[in-house]
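In what follows, a single structure is set out as structure tokens and then discussed.
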Amino acid sequence: MPIVNSREMFKKAYEGGYAVGAFNVNNMEIIQGITEAAKEENAPLILQVSAGARKYAKHVYLMKLIEAAEADTGLPIVVHLDHGADFDICKSCIDGGFTSVMIDGSHFPFEENMELTRKVVEYAHKYNVTVEGELGRLAGVEDEVKVSHEDSSYTDPAQVQEFVQNTGVDSLAIAIGTSHGAFKFKGEPKLRFDILEEVGKRLPGFPIVLHGASSVIPSYVEMINQYGGSMPGAQGVPEDMLRKAASMAVCKINIDSDLRLAFTGEVRRHFVEHPDHFDPRQYLTDARNGVREMVRHKIVDVLGCNGKA
């Protein structure tokens, strides 16, 4: 199956009451771990690339790795740009074979955000590439995206219809209380499902996206702490909240921090248990297996997209 855009994938997810996982990729082992899990569970898949990942691994290497994963698994895979900062970055990714891009104009005033998003949509749709926009600002840190809690803001449901109609965007990331990174909450985690419900009413059938939705799985935090790390107070989004969001209008849930925790936790464990090892294939095999098992858990127990490919 060729690499696809997100249009049909989101339509099926909305109608089926599940979400598709959008997993950030940086290297071969992460891509293999994610796609092996998706293959085992026959799940649709979004592999997304940040500006930091493109800088680290280079666009051409990531595209060739994703093309190899598609050939190996036969799964429907969307190649998505995460947090495109401007038109030029989005254009470069579209021209370079991505099938979906996000333009993040959330830090601009509403009218400027619409103007920028519409410009990207007009270019992308000429090449059958889908576009994700964003309204509202998530707190936290992810690569170049850094927003303080003071500067974050919930999505205003009263703006969503005008934004979607005037931009032609294919999906919309909203802010309901998630945040980027492993340290998401001070106190009890809470998501604004009232906002999500109102957005769903105003945009019936339209796919909504959740960023900053890693759960910071306690077992991986404990593993990192056990094997020499220090992550006191790390707290993510409870998985029952993500399951609820996936049963509503949310069709895409972004996961990055949990991948990093699983990968790094397994590498730390490997070197403590095997201090004499120096072959990268040994510890990277453990890291890849950790990513695979974490992604399988997300697909089956959180997203509900197993068997939906």
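In the full protein assembly as shown, how much of His277 is accessible to a 1.4 Å probe, in Å² to the nearest 10?
Result for His277: roughly 50 Å² accessible.
Could you work out [θ]222 nm for the chain from helices alone, using -39500 (n - 2.57) per DSSP H run of at least four and dividing by all its residues? Round to the nearest 500 deg cm²/dmol. Don't jump to the answer; show the numbers that get you there.
On the way: 12 runs with 144 residues, N = 309.
Dividing the helical sum by the residues of the chain leaves -14500 deg cm²/dmol.
List, largest first, the extents of the alpha carbons of the stretch 1-79 along their principal axes, each in whole Å.
Projected onto the principal axes, the Cα atoms of the stretch 1-79 cover 37, 24, 19 Å.
How compact and how long is the stretch 201-309, expressed as Rg and Dmax of its alpha-carbon atoms in Å?
Rg, Dmax (Cα atoms, Å): 16.4, 59.
Once you charge only the Cβ atoms, +1 for Lys and Arg and -1 for Asp and Glu, what is the size of the charge dipole of the stretch 25-149 about its Cα centre, to the nearest 20 debye? Don't skip to the end; give the middle numbers.
Working: 11 positive and 21 negative charges, 51 e Å.
Here the stretch 25-149 has a charge dipole of around 240 debye.
Cα-Cα over 30 Å: which of Lys12/Lys298; Lys39/Lys119; Lys91/Lys201; Lys39/Lys201; Lys11/Lys64?
Among Lys12/Lys298; Lys39/Lys119; Lys91/Lys201; Lys39/Lys201; Lys11/Lys64, the Cα-Cα distance tops 30 Å for Lys39/Lys119; Lys91/Lys201; Lys39/Lys201.
Suppose each label sits 7 Å from its Cα in the direction of the beta carbon; what would the Glu239-Glu198 distance come out to in nanometres?
That separation, rounded to one decimal, is 3.2 nm.
Rolling a 1.4 angstrom probe over the protein chains, ignoring ligands and nucleic acids, what is the accessible area of Lys201 in square angstrom, nearest 10?
130
In nm, give the distance between the simple-model label positions of Phe110 and Asp156, each being 7 Å from the Cα along the Cα-to-Cβ direction.
For Phe110 paired with Asp156, the spin-label model returns 0.4 nm.
May I ask for the equivalent-ellipsoid semi-axes of the chain, computed as the square root of five times each C-alpha gyration tensor eigenvalue and listed largest first in whole Å? Intermediate values should be presented prior to the final figure.
Details: eigenvalues 175, 98, 66 Å².
Semi-axis lengths for the chain are 30, 22, 18 Å.
The values are calculated or read from the model by the stated rules, or taken from the named source; none is laboratory data. A quick note: this is a predicted structure, and the numbers were derived from the prediction, not measured. Reconstructed Cβ throughout: ideal geometry from the backbone, glycine too, with neighbour counts over all protein chains shown. Each accessible area value is taken on the protein alone, full model and side chains, heavy atoms only, with ligands, DNA and RNA left out. Shrake-Rupley method; radii C 1.70, N 1.55, O 1.52, S 1.80 Å.
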